[in-house]
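Participant: Sharing a structure with you now.
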Amino acid sequence: MKKLLGVFLFVSLLNTANAQNGELFVDLNYSTFSFSQLRELQDDQLKGVKDYPLAVNDDFSSNIGFTLGYKINNQFAAYFSYNTTGGKISYADYSGVIRLTQPLKQYVLGGMYTFPLLENSENFRFGFKAFASFTSMEINSYSKLLDNSSEDSIELRSTGLGIGPTLIYEQPIWKVRLRFSMAYDLVFNGKLTLKDNDDMHLEDSSGDDIKADWSGIRAGIGISIPI
Amino acid sequence: MKKSIINSLLGLLCLLTLSCDFEFADDSFHELEKVEPQALFGLENLRDNMLLQEPVKVSYIYSGNGVHRLLQMTITLNDKILVSGTATKGSFLIDPYKLGEGKYELKVEYTFSSGTNSMADKNNLEGYVANKSYRFIVADLPSETIVLNEPMIVDGSVHLSWDPKLAKNLQKAKLSIKMYDTLLEEVEMDKDDLLSGLYVDKKNVGSKLIYKLRTTSIYEKVLETNTTEIDIEPMEMRREIVDAERTRLVWKEHPLYGNFDFFRISPSYGEETNLDPRGGEHIINKAPKFTNDWGSNGLDLHFYRYDGGEGKNKLVRKFEQDVFFGNGFENKEKAQFIYDTNKGCYLCTEIVDPNSYPNYELKIHQLNDDLSVSKSARIGIVKSTWKMQFEIDPLTNNYMIDAGSKSFLIDAETLNVIDVWDSGDYWTVNGNYMKMIHRNQLGIIHNVTKDSLIVYNAETKEELQHFDCEDHIDVSSTGKYMAVDGSFRKLTDGKYEEIYKDPIEIYEVLFLEELDLCFYRNYYGGLYRLNLETKERKTLNVEGGYFCYDPVTKKMIIQSRSTVSIMDVFSLEITKAVNVFYHFSSDFHLFYLNSRLIDPEGRYFDNY
């Protein structure tokens, strides 16, 4: 169903790309993330529960994201990126389950400057980007023992800035250009504060602030549509 | 156009957002194996269907074999909870004495964890429930503590014994030894003492020793045993006359001779001499008196044990004991004694209850030589005991008792009443006080109220003689002589003829008919002897109250306030006059019979 909806949207965008000056581009990204502090937090959580052999199911691993941008001209572009990942530790048997999930979402608004890497080729470009990063995080706990269950959730957020280099190759095909990109985002995020109370923030067992470190590689593939 | 582009972008944005959401991995699910129950719950010292006859301490222990935790355990006895909780071991006491005889069921219900290590197991929400049941019977319970046997005296000490089998559940005890309400000693006893079954009291001396144990069982239960006591016969003691200034204290072995080394009497009675518990004699430099002369409470006896040499003797006990100056006695209330020379024995009358006015029950006793009773008989009910006379009829050797309005003739062999003469059979005057005397076919009735006296033929009831009698009448044993007021009369041809008239006011006359003598006294203590044949009257050189004639020694005693004198009835010589009385009352009338001085309560001493 999602695929059918995607084909429909792609054809609709092509039909609207007549006699326009800019370009709209969409990339699907495969991203890696740092999140060393959050992984350490998971370890602490594991150590804190001794009665059950909890296991880490997800450790804020790489995931698919996307970038939606608009090329103002050949050098400058503005874009929006969306990345998600999560952490999970759990234990389950026939009598119950203990589950702790931490979904993370990143919303990025940024600008990009690129220039041709080779003199005789406009398709292979190198550039830099700068962006603002907005993070939302949930810590959801859930347990069920026989017929009794309980759950709890807290929401946190943080903001930050980032920069990074990017390498882009575009290949014109019919009316569009196929895009391949490789970048590295270096993110400087702020503290993860409670959504309902900015005065409270997440710390580890040592008392250090825990930050959402989205730094990592962004490998993308997409298309660019002139409009 | 623009609207279309925006719609497309928003749609694309939604699609991408949905497509890029992070999908979490599945939960870490652990397959767990079911564990077969391996838990055990054991009880020690209790078996199914056992007979319980003593307290038992039951230990319990739970073993989960390293797999099952004990979640809950409840032990009930007849549905009453004994133990409950999660302790994996412990003990409880089943006391059959508290339960009482009957059938009982002890149930154990215990819940233990499944051992699967599941979340439910670890939260104690998953487990097994197991039950055990033990039935037992409580019956034929032995005594819970020891039962003291009656104490016995062995080798001069008190042996207190009990069945040592009953002491096996006891750990200690405290023995209290009392004399009446006075605590003499408390003795701590340990288990070995209790298991020996014997306690030898080598310490205490008393007239009554009372023993009781307060035992503590191994289960800390404290119980008192029965009380057992032993009456200790007083040391047999008497005083004998040595001479007018000295008496001899004679005693026999004390029953508890093992519990003291020597005893002493009150220091006021001589030097501090150590006297032998096994018996002996001791001269007391003190003039004799008839009854105990240490006051009404007896003689102070001090019992000692040697303890570390001279001057360090330990006083074991001090108490008073009646030590009578004379032999033992048979207590008779207001008794009159006679000595039957024909049978060679003493006799006495007894008023069973002197307070039973107006009907007194009268008994007669034949006595052994120590004045203990050998034979008794009931005479009957009399209205008065005033001036009662108890004599031997010289004609039949039977006994005569004149008591108020009745006169009894009693068979000397059987002590049964042969005949009774009642003044009412002769002279009926309601409301008048009559005194009846029967002598040798004569019935002599003194109407005290009317101051008159009538002599009847006892068989025909024919009135023979009638004369005034204002105050006093005494008749000799065969009726040969009579004293009426101051007039002495002799029976002559069936009538009493006056043979002598004394102007003094006579109070009491003693006829010695076989000697044709009589003694009498006036109210003021003047004593006189009258020869009834010669009419010779002599005034005695001694004052006196009562007198009594001893038919064996032919002597009589004259009793005054503080002395008793023994006098030869012929020579009127006083052979002995000793201060023997510590009290004197109108009722205290001594008897002198067969050389023995006897008081109305039966105390006596010989060879006086």
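Participant: If you check every pair at least six apart or on different chains, which have Cβ atoms under 9 Å apart with a residue in region B:546-573 that is on the phi > 0 side of the Ramachandran plot first and a residue that is β-branched (V, I, T) second?
Facilitator: Listed by first residue and then by second, the contacts come to B:K554/B:V569; B:L572/B:V542.
Participant: Let me spell it out: the conditions are (1) crowded, with 19+ Cβ neighbours inside 10 Å; (2) out of contact with any helix residue (DSSP H, G or I) (no Cβ under 6 Å at 6 or more places or on another chain); (3) not assigned by TED's automatic domain parsing to the domain that holds B:S217, and B:L175 meets all of them except one. Which number is the exception?
Facilitator: Among (1) crowded, with 19+ Cβ neighbours inside 10 Å; (2) out of contact with any helix residue (DSSP H, G or I) (no Cβ under 6 Å at 6 or more places or on another chain); (3) not assigned by TED's automatic domain parsing to the domain that holds B:S217, the lone unmet condition for B:L175 is (3).
Participant: While we're looking at this one, here's another question. Check region A:146-156 and report whether any residue there is within 14 Å of chain B (Cβ to nearest Cβ), closer than 30 Å to B:E31 by Cα, among the acidic types (D, E) and surrounded by 15 or more Cβ atoms within 10 Å (Cβ to Cβ).
Facilitator: No - not one qualifying residue is present in region A:146-156.
Participant: Sticking with this structure for a sec: Go through B:L15, B:L32, B:L52 for me and flag whichever is touching a residue at least 40 places away in the same chain (Cβ under 8 Å) and either under 28 Å from A:T101 (Cα atoms) or facing chain A (nearest Cβ under 7 Å) (or both). Steps first, please.
Facilitator: On the way: B:L15 fails: touching a residue at least 40 places away in the same chain (Cβ under 8 Å); B:L52 fails: either under 28 Å from A:T101 (Cα atoms) or facing chain A (nearest Cβ under 7 Å) (or both).
Exactly one residue qualifies, and that residue is B:L32.
Participant: Restricted to region A:42-65, and to residues that are within 15 Å of A:I210 (Cβ to Cβ) and crowded, with 19+ Cβ neighbours inside 10 Å, which residue is farthest from the other protein chains (Cβ to nearest Cβ)?
Facilitator: My answer is A:Q42.
Participant: Let me ask another. Looking at region A:25-34, can you tell me whether even one residue there is touching a residue at least 40 places away in the same chain (Cβ under 8 Å), surrounded by fewer than 21 Cβ atoms within 10 Å (Cβ to Cβ) and within 10 Å of chain B (Cβ to nearest Cβ)?
Facilitator: Yes, that holds for at least one residue.
Participant: What pairs can you find where one residue is in region B:432-448 and over 16 Å from B:F390 (Cα atoms), the other is among the aromatic types (F, W, Y) and in a strand (DSSP E or B), and their Cβ atoms are less than 6 Å apart, with a gap of 6+ or different chains?
Facilitator: B:G443/B:W421; B:G443/B:Y456
Participant: Does B:G443 satisfy being farther than 30 Å from B:M567 by Cα, over 47 Å from the mean Cα position of the chain (by Cα) and of a type outside the set (F, W, Y)?
Facilitator: In short, yes.
Participant: Please state which one of B:K538, B:K490 is exposed (fewer than 15 other Cβ atoms within 10 Å of the Cβ) and basic (K, R).
Facilitator: That would be B:K538, the only listed residue that is exposed (fewer than 15 other Cβ atoms within 10 Å of the Cβ) and basic (K, R).
Participant: Farther than 30 Å from B:K103 by Cβ and either touching a helix residue (DSSP H, G or I) at 6+ places or on another chain (Cβ under 8 Å) or loosely packed, with under 12 Cβ neighbours inside 10 Å (or both), is that true of B:E54?
Facilitator: no
Participant: More than 11 Å from every other protein chain (Cβ to nearest Cβ), within 30 Å of B:L10 (Cβ to Cβ), of a type in the set (V, I, T) and surrounded by 14 or more Cβ atoms within 10 Å (Cβ to Cβ), is that true of A:T135?
Facilitator: Yes: the conditions hold for A:T135.
Participant: I've got another one for you. Any residue in region A:94-106 that is free of Cβ contacts under 8 Å to residues at least 12 places away in the same chain and either within 13 Å of chain B (Cβ to nearest Cβ) or within 21 Å of the chain's Cα centre (by Cα) (or both)? Outline the logic, then answer.
Facilitator: The first filter runs over region A:94-106 and keeps only residues free of Cβ contacts under 8 Å to residues at least 12 places away in the same chain, leaving A:94.
Next cut, either within 13 Å of chain B (Cβ to nearest Cβ) or within 21 Å of the chain's Cα centre (by Cα) (or both) only: A:94.
Yes, region A:94-106 has at least one match.
Participant: When you check A:A77 against the structure, is it among the hydrophobic types (A, V, I, L, M, F, W, C), part of a strand (DSSP E or B) and more than 24 Å from the chain's Cα centre (by Cα), yes or no?
Facilitator: no
Participant: Search region B:121-147 for residues that are under 30 Å from A:D93 (Cβ atoms) and in the same structural domain as B:G102 (by TED's automatic domain parsing) and pair each with any residue that is of a type in the set (S, T, Y) and surrounded by 15 or more Cβ atoms within 10 Å (Cβ to Cβ) when their beta-carbon atoms are under 6 Å apart and the residues are at least 6 apart or on different chains.
Facilitator: Pairs that qualify, where the first residue is under 30 Å from A:D93 (Cβ atoms) and in the same structural domain as B:G102 (by TED's automatic domain parsing) and the partner is of a type in the set (S, T, Y) and surrounded by 15 or more Cβ atoms within 10 Å (Cβ to Cβ), are B:D121/B:S113; B:D121/B:S114; B:E126/B:S114; B:G127/B:T111; B:G127/B:S113; B:G127/B:S114; B:V129/B:T111; B:A130/B:Y110.
Participant: Among the strands (runs of 3 or more DSSP E) lying completely within region B:400-464, list those that include at least 3 residues that are assigned by TED's automatic domain parsing to the domain that holds B:I381 and farther than 27 Å from B:L347 by Cβ.
Facilitator: Values: elements: B:406-410, B:417-422, B:434-439, B:442-447, B:452-457.
Per the criteria, B:452-457.
Participant: Further, regarding this structure: Would a scan of region A:111-131 turn up a residue that is of a type in the set (S, T, N, Q) and within 11 Å of chain B (Cβ to nearest Cβ)?
Facilitator: no
Participant: Hey, can you tell me all the residues within region B:395-419 that are free of Cβ contacts under 8 Å to residues at least 24 places away in the same chain and in contact with a Phe, Trp or Tyr (Cβ under 9 Å, 6 or more places away or on another chain)?
Facilitator: B:D411, B:I418, B:D419
Participant: Looking at A:L146, is it without any contact (Cβ under 8 Å) to a residue 60 or more places away in the chain and in contact with a helix residue (DSSP H, G or I) (Cβ under 8 Å, 6 or more places away or on another chain)?
Facilitator: yes
Participant: Give me a count of the residues in region A:76-125 that are farther than 30 Å from B:L18 by Cβ and among the aliphatic types (A, V, I, L, M).
Facilitator: Number of matching residues: 2.
So that you can scan it fast, the table gives a plain yes or no per residue for (1) at pLDDT below 90; (2) farther than 20 Å from A:L104 by Cβ:
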site: A:L5; (1), (2): yes, yes
site: A:L9; (1), (2): yes, yes
site: A:N18; (1), (2): yes, yes
site: A:G22; (1), (2): yes, yes
site: A:D44; (1), (2): yes, no
site: A:K47; (1), (2): yes, yes
site: A:D51; (1), (2): yes, yes
site: A:A55; (1), (2): no, no
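Participant: Which ones in region A:162-208 are without any contact (Cβ under 8 Å) to a residue 12 or more places away in the chain and hydroxyl-bearing (S, T, Y)?
Facilitator: Hit for region A:162-208 is A:S206, nothing else.
Participant: Is it the case, given these coordinates, that B:G90 is closer than 18 Å to B:G64 by Cα and out of contact with any helix residue (DSSP H, G or I) (no Cβ under 8 Å at 6 or more places or on another chain)?
Facilitator: Yes; evaluated as a whole, the condition is true for this residue.
Participant: Quick check on region B:134-146. Is at least one of its residues in contact with a helix residue (DSSP H, G or I) (Cβ under 8 Å, 6 or more places away or on another chain) and closer than 30 Å to B:G258 by Cα? Break it down stepwise before answering.
Facilitator: Initially, region B:134-146 is screened for residues in contact with a helix residue (DSSP H, G or I) (Cβ under 8 Å, 6 or more places away or on another chain), giving B:138, B:141-146.
Those still in the list that are closer than 30 Å to B:G258 by Cα too: B:145-146.
Checking region B:134-146: at least one residue is in contact with a helix residue (DSSP H, G or I) (Cβ under 8 Å, 6 or more places away or on another chain) and closer than 30 Å to B:G258 by Cα.
Participant: Moving on. Consider region B:105-124. How many of its residues are under 15 Å from B:L70 (Cβ atoms) and within 14 Å of another protein chain (Cβ to nearest Cβ)?
Facilitator: Of the residues in region B:105-124, 6 are under 15 Å from B:L70 (Cβ atoms) and within 14 Å of another protein chain (Cβ to nearest Cβ).
Participant: OK, next. Can you spot a residue in region B:214-226 that is under 30 Å from B:L275 (Cα atoms), surrounded by 15 or more Cβ atoms within 10 Å (Cβ to Cβ) and either touching a Pro at 6+ places or on another chain (Cβ under 6 Å) or outside the structural domain of B:E281 (by TED's automatic domain parsing) (or both)?
Facilitator: Within region B:214-226, not a single residue is under 30 Å from B:L275 (Cα atoms), surrounded by 15 or more Cβ atoms within 10 Å (Cβ to Cβ) and either touching a Pro at 6+ places or on another chain (Cβ under 6 Å) or outside the structural domain of B:E281 (by TED's automatic domain parsing) (or both).
One line per residue, one yes/no per condition, for (1) modelled with pLDDT of 95 or more; (2) closer than 20 Å to A:F66 by Cβ; (3) within 17 Å of the chain's Cα centre (by Cα); (4) among the β-branched types (V, I, T):
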| site | (1), (2), (3), (4) |
| --- | --- |
| A:A130 | yes, yes, yes, no |
| A:R157 | no, no, yes, no |
| A:Y169 | no, yes, no, no |
| A:K191 | no, no, no, no |
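The values are calculated or read from the model by the stated rules, or taken from the named source; none is laboratory data. In this text, all values refer to a predicted model and were calculated from it rather than measured experimentally. No Cβ is skipped: glycine too gets one built from the backbone with ideal geometry, and neighbour counts run over all protein chains shown.
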